[in-house]
Structure formats: C-alpha cells, structure tokens
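Below you'll find the structure, written out as structure tokens, and then a few comments.
Taken together, the values in this text are just the output of simple stated rules run on the coordinates, not laboratory data. As the structure is a prediction and not an experimental result, all values here were calculated from the model. When we count neighbours, we look across all protein chains shown, and the Cβ atoms used for this are built from the backbone with ideal geometry, even at glycine.
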Amino acid sequence: MKHNLLAILFFCVCAITTQFFSQRVLAQTAASAGMTEEQAKAIKAIKIANLDKDTYFKSGGYILDRYEERPAYVFTYSDGITRKIYLYKIFAATDTKELGLLAIYQNGKTNDVKSFVIPGESADRKAWDLYIDDLKYVGEKEPGLMSTLTFVLSREMASLLSGGGAKSEDGSKKKEEYNFCFAADAPVLLPDGSAKAIAAVQAGESIRTYDVKTKTQLATRVTRVDRHDGQFTLTGVWLSPISELSADKQAAPMAPVLLEATDNHPVLTASGRKPMSELTTADVLYRLENGKAVAYRIVKAEKTTRTVSTVYNLATETGAYVVAETVVLDK
C-alpha cells in the first residue's frame, strides 16, 4: 500500500512538473510548434548511439540538441545501480521550430534506455496522452526511474524560475544556432588528394583530416552526414598565406581564397577552436598544401556572402576534416 501511494505521488509530481517545465522552456522560444501524436511516436523511436557524445544530431526529420549543453544527471542509489537522465530539445529539421523535450533514462547495470517525449504547451492532446501513458505504464515498472526523472525536471524548473536557462536577446534561438554546416558544393578533401562536394559524401566514407598534435595528415571515417533544408546565410573569410603577406618581393600576390560556412561552424585557428562568426583579420587558419599545413591569415571577413537552400555537416572519427583545403572541425 505504501509503495503504491509513493508511486502515485511520484507520478503526479512528475506530470505536474513536466507541464510547468514545458511551458517555461517553450516560453523562451518564439518559434514553437505543436507536436502531434505521430511526431511523438517518431521521436520516441529515435535511437541514439552514444548518449554522452551525441549532443546534437539530425534523425528522421528532427534535430535533437542537448538541453543547455549539459551532461547527464547521474544518480547512484543504495542498490549500487547508476542511473542517468539525458535531456534534449526537439526541433523540426525543416524549419527548426521547437517541438518539445526528450528525456532519456539509462540503467547503468542493464544499459537499458527508456525515452519520454515531453510535448510543448501547444501540442496535440494525444501527444500528451502518450507521454502520460509512458509515465504510468513504463516509468512505474522501472525502480528508480520516476524519482530520477521527477528530480531532474523539478531541478530544471527551479533553475528557470530563478532566472536560469539560456536565452537569446530576442527570446528565441536563431535557425543558424542549430546548423553548423557548409553549402552543398563545398569541396571535401579525400585521402588521395582529390575532392568531392560535401553533398556527395556518405557515412562510412574515408576523407582527409589533420592531426594538430602530430602535425600530420591522415584518413578519417565519416560517421554521420547531416542535411538541413531551408534558407541559410553563409558567412565567409578570405585567406592569404602569411609567407606572402610578410615577404618583400615584387611578384604579384596570389588572389585570396574564400572559405564559407554558417555562422557557428568551428574551424581550427592558431589560437584554437573558433566559430566562423568570431573570426577576424587577426586570426590564422590552416590550409593543406603539398602534404603540409600552411598558415593563412584572414585578410577579409564578410558576415553574409550568399544564401543557400540546403546545407550539410559531417561528423568524423577524429573530429576534424578539410573543406576548400582548409582544416575545419566537427560541431
């Protein structure tokens, strides 16, 4: 009897907290949309290969982005079992409208995972019914699940009520924040020295990378290819070799070369990792030429070079690859 009352209490607290939490989270986002029951089922079916590393990815028409980029909540109970809760924001890949939250519970002993799709405030009633059913018929069967999930949602709710939580100045996140990508025609360097458009690269394929520590070029495998459709603004930087800029010679200088990507795509600079939007004429990037990494300084940075309807991003085993002969990094 005591156990049943406790289970009912956790269920009620979790359901109520979830409702308030989803309202607060989506109140921060101007571009929100109602989730349907079909969407909730599709999102619940998404399988995440590595919960600790896969903090952002696209699957089945949806973008999953780790909530506030936080690591998992970790719990160790007296039974010795480690339990984890991961939170992801859910966006529609077509227009990056926010749909809700995905909470994933993992049992450290069995490695079993259970997904709970938490709809936004404007979601279809059937999507909410699906979530409540999961709490009732899935959550109550797994010891420790309801208490951990209730704690996480309550903790995040308390943070939001106290003014925490990331939020952009206009109360919404821009589409570019969820796309770290290149135009479809961006040339990706292959191990044999040739190049192919990023749109033609496939998961499992080998491409060229650069190891900063050993200063060597080698092959890396593409683990995932992301594609986004919509309207995307590219930013650009024009590069010239440092040796040419500092040399005192009469020969005509080489025309600067252009690198384009969406605002937040990271590149390798002499001072470390930087997104495209933060690059200035003080930064040095690296281009691969004749088997060597050659330092190029930015001579011009332009916020908008063109707008494209489709962009691509690669995930690799080493975390780096080469676009337009320039070393760029995974998100």
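Could you tell me whether the range 281-331 comes out rounded, prolate or oblate from its Cα gyration tensor? Rule is a ≥ b ≥ c as square roots of the eigenvalues, rounded for a/c under 1.5, then prolate if a/b exceeds b/c, otherwise oblate. Oblate is the answer for the range 281-331, as a/c is 1.5 or above yet b/c matches or exceeds a/b.
Highest-first packing order for the peptide set 70-82, 119-131, 297-309 is 119-131, 297-309, 70-82, based on the mean count of other beta carbon atoms within 10 Å. Close amide H pairs (under 5 Å, H built 1.01 Å from N) link Thr269 with Lys274, residues at least 5 positions away or on another chain. For Lys97, the residues 5 or more places off, or on other chains, whose built amide H falls under 5 Å of its own are Ala92. For the cross-link pairs Lys53/Lys300; Lys109/Lys136; Lys84/Lys126; Lys196/Lys331, the ones whose C-alpha atoms lie over 30 Å apart are Lys53/Lys300.
Each peptide among 133-143, 98-108 gets the average number of other Cβ atoms lying within 10 Å of its residues, and from highest to lowest they stand as 98-108, 133-143.
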